[in-house]
Amino acid sequence: MEETGEVTALRRWVAEERGRGKRIGFVPTMGYLHEGHLALVDAARERADAVAMSIFVNPLQFAPTDDLSRYPRDLPRDRALAAGRGVDCLFVPDASAMYPAGSETRVVPGAAADRWEGEFRPGHFSGVLTVVAKLFHLVQPDVACFGRKDIQQVTLVRAMVRDLDWPLEIVVVPTIRESDGLALSSRNVYLSAEDRAQALGLSRALRDADRRWRGGERSAERLERAVRDTLRMYPGLTADYIAVCEPTAMAPVTDAVAGTIVALAARVGSTRLIDNIVLGEEA
Ligand code: AMP
């Protein structure tokens, strides 16, 4: 596996692989890799001949009050996991390589960025789309893989790719979970045993909603209330939002159909977790 923090070296790798006629797959991450990230690598390998992964904790997508400085990092471990799963090129830039002094241009997302996550993290999706746009230009992937775990993020990335006519395919990989349902997240490392027990409320609430929907409940309002009721059984959790929305622009719906998304964010202690479910698709 190649590894570099330099933009010029990454460009060289991309040019060589393209010169050999290879299809390039790309997996952008913030590192502290887990099985969810590695499932994206598997998906990229299935669709491409050479796979690049980036590890970059992007300061632009963190608010001053967010967890940028304590975001978990372990490059030696990430390197071993990425290489073991078949990543061909690991791009690990530092902030000055991505944003040299004077770098001020930002991507402005559409209105879908203002609701749910965007309401609680103003500017977050502009930061995400800016770094994703830069990385897409550098890597020139034929296919890029994202997790459904961050469903609003991938919805906005898809919209950017469509609106700016990027010639690449966006693949969405289902959320990888612990056996008890907790969605894998780099932030899970922050959770004490007590926090973790509370954090299970997110996936439980989503599963309850899915069960009710399969049982015939179609009212978005009642599904939302059911999610809220389940969350109330976990006193350590404070919900930021519960969304019952459609998948294109994440606009709220009144009737839940197959494919409707139920998404939520909740805080446990000082950790903020998100999760979602696509009704009718997964339990
Ligand atoms: P992050 O490092 O948290 O920015 O995530 C990098 C990519 O991995 C994003 O596309 C996430 O949606 C995806 N991802 C994170 N957690 C999971 C998970 N549990 N299952 C599948 N994909 C995930």
- [ ] Can you tell me which residue among 36, 25, 84, 21 is of a type in the set (Gly, Ala, Ser) and part of a loop (DSSP other than H, G, I, E, B)?
- [x] 21
TODO: Give the residue, chosen from 92, 87, that is among the aliphatic types (A, V, I, L, M), within 16 Å of the ligand (Cβ to nearest atom) and open to solvent by less than 20 Å² (accessible area, probe 1.4 Å).
DONE: 87
Task: Residue that is nearest to the chain's Cα centre (by Cα) [pool: residues in the stretch 1-57 that are within 16 Å of the ligand (Cβ to nearest atom) and among the hydroxyl-bearing types (Ser, Thr, Tyr)] - done: 29
Open item on the list: Which pairs turn up if I take residues in the stretch 134-148 that are within 12 Å of the ligand (Cβ to nearest atom) and look for partners that are among the acidic types (Asp, Glu) and in a strand (DSSP E or B) with beta carbon separation below 8 Å, at least 6 apart in sequence or on another chain?
Closed with: 144/169
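Conditions tested, residue by residue: (1) assigned to a helix (DSSP H, G or I); (2) farther than 30 Å from residue 21 by Cβ.
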| residue | (1), (2) |
| --- | --- |
| 131 | yes, no |
| 146 | no, no |
| 149 | yes, yes |
| 154 | yes, no |
| 166 | no, no |
| 171 | no, no |
| 188 | yes, yes |
| 213 | yes, yes |
TODO: Take the residues in the stretch 264-275 that are touching a helix residue (DSSP H, G or I) at 6+ places or on another chain (Cβ under 6 Å) and surrounded by fewer than 21 Cβ atoms within 10 Å (Cβ to Cβ), then tell me which one is farthest from residue 154 (Cα to Cα).
DONE: 269
Open item on the list: Taking the condition of being within 13 Å of the ligand (Cβ to nearest atom) and of a type in the set (A, V, I, L, M, F, W, C), how many residues in the stretch 156-198 meet it?
Closed with: 11
Task: One residue from 230, 254 being of a type in the set (Val, Ile, Thr) and surrounded by 15 or more Cβ atoms within 10 Å (Cβ to Cβ) - done: 230
- [ ] May I ask you to verify whether residue 75 is over 14 Å from residue 141 (Cβ atoms), within 15 Å of the ligand (Cβ to nearest atom) and without any contact (Cβ under 8 Å) to a residue 12 or more places away in the chain?
- [x] no
TODO: Looking only at the stretch 48-57, count how many residues are surrounded by 18 or more Cβ atoms within 10 Å (Cβ to Cβ) and out of contact with any Leu (no Cβ under 9 Å at 6 or more places or on another chain).
DONE: 3
- [ ] Being touching a strand residue (DSSP E or B) at 6+ places or on another chain (Cβ under 6 Å) and free of Cβ contacts under 8 Å to residues at least 60 places away in the same chain is the filter; apply it to the stretch 18-32 and report the residue that is surrounded by the fewest Cβ atoms within 10 Å (Cβ to Cβ).
- [x] 22
Task: Test: residue 235 is more than 20 Å from residue 121 (Cβ to Cβ), open to solvent by 20 Å² or more (accessible area, probe 1.4 Å) and modelled with pLDDT of 95 or more - done: yes
- [ ] Select, from 15, 43, the only residue that is buried (at least 18 other Cβ atoms within 10 Å of the Cβ) and either modelled with pLDDT of 95 or more or farther than 18 Å from residue 135 by Cβ (or both).
- [x] 43
TODO: Among the candidates 257, 244, 253, 227, single out the residue that is within 29 Å of residue 71 (Cβ to Cβ) and not polar (S, T, N, Q).
DONE: 227
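The values are calculated or read from the model by the stated rules, or taken from the named source; none is laboratory data. Bear in mind the structure is a predicted one, so any value in this text is a computation, not a measurement. Heads up, the Cβs are rebuilt from the backbone with ideal geometry, glycines too, and the neighbour counts pull from every protein chain shown. Side chains are part of the model used for accessible areas, which takes the heavy atoms of the whole protein and leaves out ligands, DNA and RNA. Shrake-Rupley method; radii C 1.70, N 1.55, O 1.52, S 1.80 Å.
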